[in-house]
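Working notes for the structure below.
The values are calculated or read from the model by the stated rules, or taken from the named source; none is laboratory data. In this text, all values refer to a predicted model and were calculated from it rather than measured experimentally. Note that each Cβ is placed from the backbone with ideal geometry, even for glycine, and that neighbours are counted across all protein chains shown.
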Amino acid sequence: MQVRDVMTTEVITIDKESTVADAVKIMIDNRVSGLPVVDEQGKLYSMITKSDIVQYYLPSILRDTPGIEEYTVPPVKDYLNNLYKLSRQKVGDIVSKVDVVCVTPEMTVSQLAVKLFASEMRRLPVVGESGEIKGIVSNTNILSLIWEN
């Protein structure tokens, strides 16, 4: 069995020039936790997840300080101002520009499972030879396959 047999083909993407606010709205409206980010040609550029946004937003002192409960939270006004600034940033400016872990439609499900779990990702984009997005596959697709068989 190949990836093409288990992947989701209706993929919701976001352009790298869109705002973080757009990404959040799309994720909430479509009940997804991550989106492939595409460039001007519709080719895979990166991935963005809700966790990425939260981690990007949290001040490093909150992320890196043991005993977080002892940290004094900034005033609400400052918090909201920072959140507003983040929401206006372009998705392409906050996502990682390193190679995205992805799979091809021709890979076997076994190869997919190894790659998915080794990467510790919840979802992987499925791309064609020229980088166009063909689908997306997640741990849910693998679980469904196991459950059905």
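Please give the number of the condition PHE117 fails out of (1) surrounded by fewer than 19 Cβ atoms within 10 Å (Cβ to Cβ); (2) hydrophobic (A, V, I, L, M, F, W, C); (3) in contact with a Cys (Cβ under 7 Å, 6 or more places away or on another chain).
The single condition PHE117 does not satisfy is (3).
Across the range 7-59, what is the total count of residues that are more than 13 Å from the chain's Cα centre (by Cα) and surrounded by 19 or more Cβ atoms within 10 Å (Cβ to Cβ)?
Final tally of qualifying residues: 2.
What number of residues within the range 24-55 satisfy the criterion of being at pLDDT below 95, part of a helix (DSSP H, G or I) and closer than 16 Å to GLY92 by Cβ?
The qualifying residues number 3.
Being in contact (Cβ under 8 Å) with a residue 24 or more places away in the chain, more than 16 Å from LYS43 (Cβ to Cβ), part of a helix (DSSP H, G or I) and touching a Leu at 6+ places or on another chain (Cβ under 9 Å), is that true of even one residue in the range 119-136?
No, the range 119-136 contains no residue that is in contact (Cβ under 8 Å) with a residue 24 or more places away in the chain, more than 16 Å from LYS43 (Cβ to Cβ), part of a helix (DSSP H, G or I) and touching a Leu at 6+ places or on another chain (Cβ under 9 Å).
Tell me, which residue of the range 77-113 that is exposed (fewer than 12 other Cβ atoms within 10 Å of the Cβ) and of a type in the set (A, V, I, L, M, F, W, C) is nearest to ILE142 (Cα to Cα)?
VAL98
Examine the range 92-103 for a residue that is farther than 18 Å from VAL38 by Cα and either in contact with a Pro (Cβ under 7 Å, 6 or more places away or on another chain) or at pLDDT below 85 (or both), and state whether such a residue exists.
Step one: filter the range 92-103 for residues farther than 18 Å from VAL38 by Cα, giving none.
No: the range 92-103 contains no residue that is farther than 18 Å from VAL38 by Cα and either in contact with a Pro (Cβ under 7 Å, 6 or more places away or on another chain) or at pLDDT below 85 (or both).
Look through the range 120-149, keep the residues that are farther than 22 Å from THR49 by Cβ and touching a Lys or Arg at 6+ places or on another chain (Cβ under 8 Å), and return whichever of them is surrounded by the fewest Cβ atoms within 10 Å (Cβ to Cβ).
The first filter runs over the range 120-149 and keeps only residues farther than 22 Å from THR49 by Cβ, leaving 128-130, 145-149.
Filter again for touching a Lys or Arg at 6+ places or on another chain (Cβ under 8 Å), leaving 128, 130.
Values: GLY128: 14, SER130: 7.
Ranking the qualifying residues of the range 120-149, first place goes to SER130.
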